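Worksheet: the structure to be examined is printed underneath.
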Amino acid sequence: MQTQSTEQLTRKKCLPCEGGVDPCTLDEANAQLSELTGWQLTEDGQRIRKEWRVKNFMAAMDFFQKCAEVAEADGHHPDLHLVGYRNVAVELWTHAIGGLSENDFILAAKIDELPIELA
């Protein structure tokens, strides 16, 4: 996978993935993460995650709704986490291959463009 800028990623649309392709390597993932602010590999190296502390519960729900709309439009769905009513996190990975694909970085870049009411 070639490292792309945030601008390049946001211009793309996630492509359907039914498996049969290898997940990106740790080197590829780390190179791409250097282009995205705040996203990190999870301990297992198979997902990327970003966390925010939002103003309140409704800000969290609003952000998740916006994430859902972007994800549904691209057909690539994140794991959304809410802890303590205003600590939100998004995890991305490509379920069909059990690791990371370009789709995960595309969606991460698009999520970064969403408005979010931070604490």
The answer for Gly99, listing residues at least 5 apart or on another chain whose modeled amide H is closer than 5 Å to its amide H, is Thr94
Within region 87-119, DSSP-loop GluC sites (Glu not before Pro) with at most 13 other C-beta atoms within 10 Å are Glu113
Rounded to one decimal in nm, the spacing of the 7 Å Cα→Cβ label points at Ala31 and Ala68 is 3.7
Sequence order, region 79-92: Karplus ³J(HN,Hα) from phi using 6.51 cos²θ - 1.76 cosθ + 1.60, θ = phi - 60°, Hz rounded, Gly and Pro as x, gives 8, 10, 10, 10, 10, x, 6, 8, 9, 10, 9, 10, 10, 10
Semi-axes (Å, rounded, descending) of the ellipsoid equivalent to region 6-112 per its C-alpha gyration tensor are 23, 15, 13
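Here, each number is a calculation from the coordinates, and none is a lab measurement. Being a predicted model, the structure only gives us computed values, none of them experimental. Please note: Cβ atoms are built from the backbone with ideal geometry, for glycine as well, and neighbour counts cover all protein chains shown.
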